[in-house]
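These notes are about the structure you will find just below.
The values are calculated or read from the model by the stated rules, or taken from the named source; none is laboratory data. As the structure is a prediction and not an experimental result, all values here were calculated from the model. Don't worry about glycine lacking a Cβ; one is built from the backbone with ideal geometry, like all the others, and counts go over all protein chains shown. What goes into the accessible areas is simple: the full protein's heavy atoms, side chains included, and nothing from ligands, DNA or RNA. Shrake-Rupley method; radii C 1.70, N 1.55, O 1.52, S 1.80 Å.
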Amino acid sequence: MTAPMVQAERVRKSFGRVEALRGVDLTVQPGEVTVIIGPSGSGKSTFLRCINHLEQISSGRLWVDGELVGYRQEGDRLHELREREVAGRRAAIGMVFQRFNLFPHMTVLQNVTEAPVRVKRIPAGRARATASALLERVGLAGKVDSYPAELSGGQQQRVAIARALAMEPKLMLFDEPTSALDPELVGEVLAVMRDLAADGMTMIVVTHEMGFAREVGHHLVFMDEGAVVEEGPPRQVFAEPHEPRTRAFLSKVL
Amino acid sequence: MDTAVRAIPVRHWGRWVSGGAVVLLVAWLVWSAARSGFVDAAQVRHYLFSPLILQGLRATVILAVLSQATGIVLGVAFAVMRLSKNAVASWVAGAYIWFFRGTPVLVQLFFWYNGVPSVWKSIDVTLPFIHTTLYSARMVDFMTPFMAAFLGLALNEGAYMAEIVRAGILSVDPGQVEAAQALGMTPLLTMRRIVLPQAMRVIVPPTGNEFISMLKTTSLASAITYGELLRRSSDIYSTNLQVVPLLVVASLWYLVLTTVASGGQYLLERRFGRAGSSVRRRRRV
């Protein structure tokens, strides 16, 4: 069996006195699409943000690709990472946000080439070629010179996916990627994600799109009140949930 | 049958009356000033382009531009320090802003020009260990009127610019920083490439005001004998007693400088207003 891409052991996270995560245990295998569902405030997004260290966990242990998030192990000692080292680790993990967060002062092409050129020091010409290919893949070849404000929400989110892919990540995190979209634009973003999953990308997707979870997900995780309540193959969890809380949630959203 | 109806706009009688009163008042001021014999238009014309005045004008522009440019650099540095997680940096920046905003510029100028040379007698830049002196001078020689004026104005301006830049940085959506971080960008790179360019929209307009203000504040340097516009004017009228014509000359040049600067500000705002169009849209939400 291969080493897991993400492994969480009793991960806790508090904001002041509020406990957002109360001991999350989860394993994500390489090439797997894990879909996390649950009511708002259940800690799904917080957990996602802990994986690339946008939030620091309060206790527990969290590994990505065999390395402890935020620490470097030397012998039996753990050294907290410096900002520069944290940035280096993040470069290998792509993230897509609910609100797209494209850089409004840059064109679509510049949005995609910025990190490869500035962080990975890839020559500008090669970065532009890669970016053009990625933008074509997400169906936006004609929009390279547009500014984000000139695009629809669905187009912006597809640029955001291309921007993350340009760093050649080993893991992609999606934080409610379709929640800020008009209903008729959801499909085009899900299609890109489906394509990515078919390509074997390891993905963790926080979403309310149950259809996507059922059809694309390999592993479904239901979270509530900061912990994993139930997990398993999507079809099985949807068809016969064991936990009353899962049943109650699914009866409201399906 | 004639169906045309004449629409009569509202008559603003109040505006006509008050406008007339203002015109009369200004006319009376000009007439009485001219009659007094102290405002001699020929003298104004004579001195407007005199070599001494033009020298002063050049000195004013040089001092204002150098002080403002240095103030902007200091402002960016201290704003970033102020917002830093590093407590020492944040505290140092806070103390700097507190001190330089909290004391009058004129006092600061006197302090640099008169205070510093009496406290510290000389200035030496020496490399440690190898004892090579790069620069050495008596403080009174180093602290020329220009140097004192430049240091005073630039450091004072840095404190104001720090607050302007800080407001600009805080105006940028935190999601922008997260997106940059998630791409593996370091804090410094994020600041330089993502945050500051977007902060410009908020930073540029008040910076234009600061520069216009700086053009006029340079006149304080006349108090420490720096030969800028006001000093040159007063040098002249202290010998020929044409006080009012020379003050008019100085004022005309200040008006020219600030008018040009206002035009420049307008162009800059148009240039930087474009970049953040989606930022503008977000604001409406």
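Residues of the stretch B:51-72 being without any contact (Cβ under 8 Å) to a residue 40 or more places away in the chain and under 20 Å from the mean Cα position of the chain (by Cα), which ones?
Passing the criteria: B:Arg58, B:Ile62, B:Val65, B:Ala69.
Taking the stretch A:228-242, which residues are in contact (Cβ under 8 Å) with a residue 12 or more places away in the chain and not in a strand (DSSP E or B)?
Passing the criteria: A:Pro233, A:Pro234, A:Arg235, A:Val237, A:Phe238, A:Pro241, A:His242.
Filter the stretch A:34-84 for residues that are more than 15 Å from A:Val24 (Cα to Cα), loosely packed, with under 15 Cβ neighbours inside 10 Å and within 13 Å of chain B (Cβ to nearest Cβ) and give the result.
Scanning the stretch A:34-84 gives A:Arg82, A:Glu83, A:Arg84.
Is the stretch A:80-89 home to any residue that is in a loop (DSSP other than H, G, I, E, B), of a type in the set (Lys, Arg) and over 30 Å from A:Pro183 (Cα atoms)?
There is at least one residue in the stretch A:80-89 that is in a loop (DSSP other than H, G, I, E, B), of a type in the set (Lys, Arg) and over 30 Å from A:Pro183 (Cα atoms).
(1) in contact with a helix residue (DSSP H, G or I) (Cβ under 9 Å, 6 or more places away or on another chain); (2) open to solvent by 10 Å² or more (accessible area, probe 1.4 Å); (3) under 20 Å from B:Ala182 (Cβ atoms); (4) not in a helix (DSSP H, G or I): which one isn't true of A:Val192, the others all being true?
(4)
If you check A:Gln98, A:Gln156, A:Gln110, which single one turns out to be farther than 21 Å from B:Leu196 by Cα, in a helix (DSSP H, G or I), within 11 Å of chain B (Cβ to nearest Cβ) and not small (Gly, Ala, Ser)?
Among A:Gln98, A:Gln156, A:Gln110, only A:Gln156 is farther than 21 Å from B:Leu196 by Cα, in a helix (DSSP H, G or I), within 11 Å of chain B (Cβ to nearest Cβ) and not small (Gly, Ala, Ser).
Run down A:Ala162, A:Ala133 and say which single residue is outside any loop (DSSP other than H, G, I, E, B) and surrounded by 15 or more Cβ atoms within 10 Å (Cβ to Cβ).
That would be A:Ala162, the only listed residue that is outside any loop (DSSP other than H, G, I, E, B) and surrounded by 15 or more Cβ atoms within 10 Å (Cβ to Cβ).
Is one or more of the residues making up the stretch A:119-130 charged (D, E, K, R) and crowded, with 19+ Cβ neighbours inside 10 Å?
No, the stretch A:119-130 has no match at all.
Just wondering, is there one or more residues in the stretch B:204-213 that are among the small types (Gly, Ala, Ser) and within 19 Å of the chain's Cα centre (by Cα)?
Looking for residues that are among the small types (Gly, Ala, Ser) and within 19 Å of the chain's Cα centre (by Cα), one finds at least one in the stretch B:204-213, hence yes.
Consider A:Val28 against the criteria (1) within 14 Å of another protein chain (Cβ to nearest Cβ); (2) open to solvent by less than 10 Å² (accessible area, probe 1.4 Å); (3) not hydroxyl-bearing (Ser, Thr, Tyr): it satisfies all of them except one. Which criterion is unmet?
With respect to (1) within 14 Å of another protein chain (Cβ to nearest Cβ); (2) open to solvent by less than 10 Å² (accessible area, probe 1.4 Å); (3) not hydroxyl-bearing (Ser, Thr, Tyr), A:Val28 is out only on (1).
Has the stretch A:211-219 got any residue that is aliphatic (A, V, I, L, M) and either under 17 Å from the mean Cα position of the chain (by Cα) or under 25 Å from A:Ile122 (Cβ atoms) (or both)?
For the stretch A:211-219, residues aliphatic (A, V, I, L, M) and either under 17 Å from the mean Cα position of the chain (by Cα) or under 25 Å from A:Ile122 (Cβ atoms) (or both): present.
Quick test for you: out of B:Leu255, B:Leu268, pick the one residue that is in a helix (DSSP H, G or I) and either loosely packed, with under 13 Cβ neighbours inside 10 Å or more than 21 Å from the chain's Cα centre (by Cα) (or both).
That would be B:Leu255, the only listed residue that is in a helix (DSSP H, G or I) and either loosely packed, with under 13 Cβ neighbours inside 10 Å or more than 21 Å from the chain's Cα centre (by Cα) (or both).
Can you tell me which residue within the stretch B:83-98, out of those that are of a type in the set (Val, Ile, Thr) and open to solvent by 50 Å² or more (accessible area, probe 1.4 Å), is farthest from B:Ile212 (Cα to Cα)?
Among residues in the stretch B:83-98 that are of a type in the set (Val, Ile, Thr) and open to solvent by 50 Å² or more (accessible area, probe 1.4 Å), the one farthest from B:Ile212 (Cα to Cα) is B:Val88.
Kindly indicate the residue of the stretch B:142-198 that is assigned to a loop (DSSP other than H, G, I, E, B), among the hydroxyl-bearing types (Ser, Thr, Tyr) and more than 9 Å from every other protein chain (Cβ to nearest Cβ) and also nearest to B:Ile224 (Cα to Cα) among those meeting that condition.
Per the stated criteria, the residue is B:Thr144.
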